[in-house]
Amino acid sequence: MKIGFIGLGIMGRPMAGHLVRAGHEVTGYDLSPVDFEGAFAGSVAEAVRDADVVITMLPADPQVEAVFPEISANARQDALYIDFSTITPQTAQKLAQQWKRTLDAPVSGGEKGAIDAVLSIMAGGSAADFAAAEPVFAAVGRTYRLVGGPGSGQYVKAANQLVVGGAYALLAEAIVLMEAAGVDAAAGLDVLAGGLAASRILDLKRTSMLARDFRPGFRIDLHHKDMGIVLDAARGAGVAVPMGALTAQLVAAARAQGYGGLDHSALLKVVEGLSR
Ligand code: NAD
């Protein structure tokens, strides 16, 4: 397929590379020049012209809303539009009203999941468009499901970020507790990882968190954006998420304390600060 790929950052660049290796003809665009396996276009218009599939992987709602008019003005009317970005369900629904074939398809799995092509993808849209997008999803992900109509993918992503943020906060508290008590925290986390407390976050991040290595990965700024989406989505769905609200405040504190550019595991710095 011919694919126009807008947003070649931490996630988009490796994803676009996998699409090239899967045999697709990928033309990419980003505000800053990026070296990737496909062709780099001079504009959004140039990247999406003639494309069968148009993809965006941009930071947040404002960037997606800024790029969309240039997509809709230049893409083929029958092109499939897949937005992999994490944005609000409301914006995703608005885009679906403006473009016939739209899937909101946010991802989970982090930079490593993008590099290893094992992302989890939660898609909202029609069954026919989901089926048409399967070759794309198969090239960048391992688990992909249609979870409902337009915006549904973003609701599932909000649920995902609720769990991920909360897990980081609790892991940070576990580290602070063990270190303060003078026990071997590394050995302690090995044991947690082998029992009921096991998690993917514990597997991937326990060594770097103990070493206070907070290079992103997924930036606190983006998780702050996502916790806003979580609270907004919960309000829209008419439910209370008290643990989510608490996590959102810890993430907000991390950002306020100047850690916005660090990995979201830097929640540890905030939790440490509470007991210093
Ligand atoms: P990023 O900031 O590394 O990449 C975004 C890219 O979009 C940047 O290269 C930027 O230059 C480009 N961009 C911004 N505005 C643009 C415009 N108007 N036109 C063209 N390009 C533009 O962010 P990322 O980490 O790749 O995240 C992208 C999305 O994926 C976000 O919504 C994020 O929440 C989500 N996400 C990220 C991760 C992760 O671990 N990094 C995991 C899951 C989901």
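The values are calculated or read from the model by the stated rules, or taken from the named source; none is laboratory data. Computed from a predicted model, the values in this text were never measured in an experiment. Here the Cβ positions follow ideal geometry from the backbone for every residue, glycine too, while neighbour counts run over all protein chains shown. Heads up: the accessible areas ignore ligands, DNA and RNA and are worked out on the full protein's heavy atoms, side chains in. Shrake-Rupley method; radii C 1.70, N 1.55, O 1.52, S 1.80 Å.
Results, tabulated for the structure shown:
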quantity: Shape category assigned to segment 2-149 from the gyration tensor of Cα positions, a/c cut at 1.5; calculated: rounded
quantity: Difference of contour (0.36 nm per residue) and Cα-Cα distance, ASP50 to ARG276; calculated: 75.5 nm
quantity: Compactness of segment 100-246 - radius of gyration and Dmax, Cα, Å; calculated: 17.5, 59
quantity: Summed side-chain charge close to PRO33 - residues other than PRO33 whose Cβ falls under 15 Å, Lys, Arg +1, Asp, Glu -1; calculated: -3
quantity: Kirkwood Rh and Cα Rg combined as Rg over Rh, evaluated for segment 124-195; calculated: 1.24
quantity: Lys/Arg +1, Asp/Glu -1 at C-beta; segment 64-209 dipole; positive extreme among PHE84, ALA123, GLY182; calculated: ALA123
quantity: C-alpha center-to-center spacing [segment 19-57, segment 163-232] in angstrom; calculated: 35
quantity: Distance-filtered residues of segment 159-178 - backbone nitrogen under 18 Å, label point 7 angstrom along THR143 Cα→Cβ; calculated: 159-168
quantity: Length gained when the stretch ALA22-ARG200 is fully extended (0.36 nm per residue, less Cα-Cα span); calculated: 61.4 nm
quantity: Surface share of carbon and sulfur [accessible, 1.4 angstrom probe, percent] for segment 2-149; calculated: 52
quantity: Over 15 Å [Cα-Cα, segment 209-276], rounded percent; calculated: 52
quantity: Of VAL241, VAL156, VAL48, the one that fluctuates the most in a GNM where the chain has Cα springs shorter than 10 Å; calculated: VAL241
quantity: Loop-resident sites, segment 55-153, for trypsin sites (Lys or Arg not before Pro), counting at most 14 other Cβ within 10 Å (DSSP); calculated: ARG76, LYS100
quantity: Accessible area in square angstrom per residue, segment 155-274, 1.4 angstrom probe; calculated: 49
quantity: Relative counts (whole %) of C-alpha pair distances in the chain, using bins that are 5 Å wide; calculated: 1, 6, 13, 16, 18, 16, 12, 9, 6, 3, 1, 0, 0
quantity: 1.4 Å probe accessible area per residue over segment 1-135, in Å²; calculated: 40
quantity: Cα-Cα over 21 Å, subset of LYS157/LYS225; LYS2/LYS94; LYS100/LYS225; LYS157/LYS269; LYS112/LYS269; calculated: LYS2/LYS94; LYS100/LYS225; LYS157/LYS269; LYS112/LYS269
quantity: Stokes-Einstein translational diffusion, segment 31-117 - Kirkwood Rh over all Cα pairs, 0.890 mPa s, 25 °C, in µm²/s; calculated: 178
quantity: Bins of 10 Å from zero: percent of alpha-carbon pairs in segment 1-65; calculated: 26, 60, 14, 0
quantity: 10 Å-binned pair-distance histogram of segment 153-238 (Cα, whole percent); calculated: 15, 43, 28, 12, 1
quantity: Net charge over other residues, Cβ less than 10 angstrom from the Cβ of SER208 (K, R count +1; D, E count -1); calculated: +2
quantity: Helix-only CD estimate at 222 nm, as mean residue ellipticity for the chain, using -39500 (n - 2.57) per DSSP H run (n ≥ 4); calculated: -17000 deg cm²/dmol
quantity: The chain, dipole about Cα centre (Lys/Arg Cβ +1, Asp/Glu Cβ -1), debye to the nearest 20; calculated: 360
quantity: Modelled FRET efficiency - R0 51 Å, SER208 with GLU70, Cβ distances, 0.05 increments; calculated: 0.85
quantity: Mean projected area in nm² (Cα convex hull; one quarter of hull surface) for segment 206-245; calculated: 3.6
